[in-house]
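Structure first, commentary second.
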Amino acid sequence: MADFPFTYLVGVDGGGTSCRARICDLDGNILGEAKTGSANILLGGDIAMASIQQAIALAAQQAQLTTNDYPNMSVGLALAGAEQQQAWHAFMQQPHPYGAITLNTDAYGACLGAWGGQDGAILIAGTGSCGILLQDGKQYVVGGREFPISDQGSGAIMGLHLIQQVLLSVDGIVATTELAQHVLNHFEHDIDAIVSWSKTARPCDYGQFSPAIFSFAAQNDSLAVSLLQQTAADIEMWMQALIVRGASRICLMGGIGERIQTWLTPPMQQRLATPQGDAMDGAIAMARGNHNLFVR
């Protein structure tokens, strides 16, 4: 990379729950890494940029770099919400101190990382969900249109369904389970508090209940089991859509994706591949070249 004008590669993986930044030298050696809050640009480009700059600053401290080094950084941004063209342009118009930035979706970065920069397909199931197939220079995307209208198979949708079922149990329409009691305890059995919370709750707020759902499912809680069965069915729907578009193997990624695999049907389990890397690796690859989703 003798003609590459920068000294450092920075990869950023930003989703609805967290933002991770990694700084590498041009040989790929990791110099620093840090994690901050949400960097979904649909929740506010300024909020995402603040999380990104904070994460890079913390990673730079680890790497013993200062703001004087920022112009020597090429930053690859793999961010949730980047598929929305208006939000992409609004984000890219913001000032920043870095030498260069390239912006694509978190799914694109994850796919690059999972398949070592080669063609392949992934399905991310974390706070949100999105499937992507990179094939012959083109990318095919399924889902990923954000909570609450899309994101089936995600922690946010699973949490939304959980809250709905808890309220039905309060009304005596469905049975109350230990998982439902757990959620009611969380809100101190105040139904008005649940309603008020829902008015401003973000995807990550709904997704916070995912660990409890998996935990109670392991104890055969009927509500938890039904929620995971529905989540698995939703994930298989996205996988089938990728298969129809030409995917043969699919890397299932994200906090939900990594834990839901045993809930999938055997034919779909056989379609799974082990990722070679993650979205951070993909974001670093993005920093090496122009991987912008849209043209400025």
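Values for this structure:
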item	result
Only Lys, Arg (+1) and Asp, Glu (-1) charged, at Cβ; the chain dipole about Cα centre in debye	500 debye
Placed amide H near Leu272: partners under 5 Å, 5+ positions off or other chain	Ile250
Dipole in debye (nearest 20) - the range 147-296, about Cα centre, beta carbon charges: Lys, Arg +1; Asp, Glu -1	820 debye
Rg to Rh quotient for the chain, alpha carbon positions, Kirkwood Rh	1.01
Relative contact order of the range 119-275, defined on C-alpha pairs under 8 angstrom at six or more residues apart (%)	31 percent
Karplus (6.51, -1.76, 1.60) ³J(HN,Hα), θ = phi - 60°, over the range 67-82, in Hz, Gly and Pro reported as x	4, 5, 8, 4, x, 8, 9, 9, 10, x, 10, 9, 10, 5, x, 5
Cα centroid of the range 239-296 to Cα centroid of the range 40-74, whole Å	26 Å
Within the accessible area of the range 119-275 (1.4 Å probe), percent carbon and sulfur	50 percent
Estimated D of the range 119-275 in µm² per second, where Rh is the Kirkwood radius over Cα pairs and Stokes-Einstein applies at 4 °C, 1.567 mPa s	80 µm²/s
Rg [Å, one decimal], Dmax [Å, integer] - the range 73-140, C-alpha atoms	12.8, 34
Note, ³J(HN,Hα) from phi for the range 231-248, Karplus 6.51, -1.76, 1.60, rounded to Hz, x at Gly and Pro	4, 4, 5, 5, 5, 5, 4, 5, 4, 5, 5, 5, 4, 4, 7, x, 6, 9
For the range 224-290, radius of gyration divided by Kirkwood radius, i.e. Rg to Rh on alpha-carbons	1.05
Lys/Arg +1, Asp/Glu -1 at C-beta; the range 119-275 dipole; positive extreme among Ser129, Tyr140, Leu168	Tyr140
Per residue accessible area in Å² of the chain, where ligands, DNA and RNA are left out and the probe is 1.4 Å	45 Å²
Table column - 3J(HN,Hα) (Hz), the range 110-124, Karplus curve with 6.51, -1.76, 1.60, x for Gly and Pro	5, 5, 4, x, 5, 10, x, x, 9, 4, x, 10, 9, 10, 8
Charge dipole magnitude, Cβ of K and R +1, D and E -1 - the range 8-166, Cα centre, debye nearest 20	220 debye
Where only C-alpha atoms are counted, convex hull volume of the range 1-149 per residue in Å³	113 Å³
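The values are calculated or read from the model by the stated rules, or taken from the named source; none is laboratory data. Note that the coordinates shown come from a computational prediction; the quantities given were computed from them, not determined experimentally. As a convention, Cβ positions derive from the backbone with ideal geometry for all residues, glycine included, and neighbour counts pool all protein chains shown. Quick note on the areas: whole protein, heavy atoms, side chains included, nothing else; ligands and nucleic acids left out. Shrake-Rupley method; radii C 1.70, N 1.55, O 1.52, S 1.80 Å.
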